[in-house]
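First up is the structure itself, then whatever we jot down about it.
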């Protein structure tokens, strides 16, 4: 079971990393547009719509990644003091009552919305229109990714209720711990001072 959970985590991580490239595309697109607008005096009407679509893609596809890394914001004033079993029970109820109905509705409506957009070959409303229907297919894809990761999280809750501890997650990049960094720098300073005459 643990291998399956880690495989779902790996898929969500991969999807999040692919979506993260939208940041690079956004940076290049905005930099090019600023140069084009102010240096060449040639603005492009379609760039604003492209920026919104790239940011929306990043935001939607990063949801499953954030869920697999347990990174979504939660009101954990009391939650952090609960035992793992109590945390799992609270999470399980919230996943069943709120998460599943919301994400199923998002995926279902997103699929309908995307199909309707494709049927009419929907475009943006600007002087230089872009096709909008490919972007709208991001909604059901993101919904399916969230459903898959949500199912893995529900299984984790059940396993924690059974075992009394949370199953492991795929490791992720760690934030820089300033105190540890200071200790390392201080340790290097004392080592170099010890070698001085």
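The values are calculated or read from the model by the stated rules, or taken from the named source; none is laboratory data. Everything numeric here is computed off the predicted structure, so don't read it as measured data. As a convention, Cβ positions derive from the backbone with ideal geometry for all residues, glycine included, and neighbour counts pool all protein chains shown.
Okay, here's what the table says:
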{"item": "Residues satisfying the stated conditions in segment 114-168, i.e. under 20 Å from residue 58 (Cβ atoms), outside any helix (DSSP H, G or I) and touching a residue at least 12 places away in the same chain (Cβ under 8 Å)", "result": "124, 130, 132, 137"}
{"item": "Residue in segment 25-42 that is within 25 Å of residue 170 (Cα to Cα), modelled with pLDDT under 95 and either assigned to a helix (DSSP H, G or I) or under 19 Å from the mean Cα position of the chain (by Cα) (or both) present", "result": "no"}
{"item": "Flag if residue 103 is loosely packed, with under 14 Cβ neighbours inside 10 Å, out of contact with any strand residue (DSSP E or B) (no Cβ under 7 Å at 6 or more places or on another chain), at pLDDT 95 or above and assigned to a helix (DSSP H, G or I)", "result": "no"}
{"item": "Some residue of segment 60-81 being under 17 Å from the mean Cα position of the chain (by Cα), part of a helix (DSSP H, G or I) and without any contact (Cβ under 8 Å) to a residue 12 or more places away in the chain", "result": "no"}
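Matching residues to (1) touching a helix residue (DSSP H, G or I) at 6+ places or on another chain (Cβ under 8 Å); (2) closer than 26 Å to residue 133 by Cα; (3) surrounded by fewer than 16 Cβ atoms within 10 Å (Cβ to Cβ):
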| residue | (1), (2), (3) |
| --- | --- |
| 11 | yes, yes, no |
| 17 | yes, yes, yes |
| 21 | no, yes, yes |
| 38 | no, no, yes |
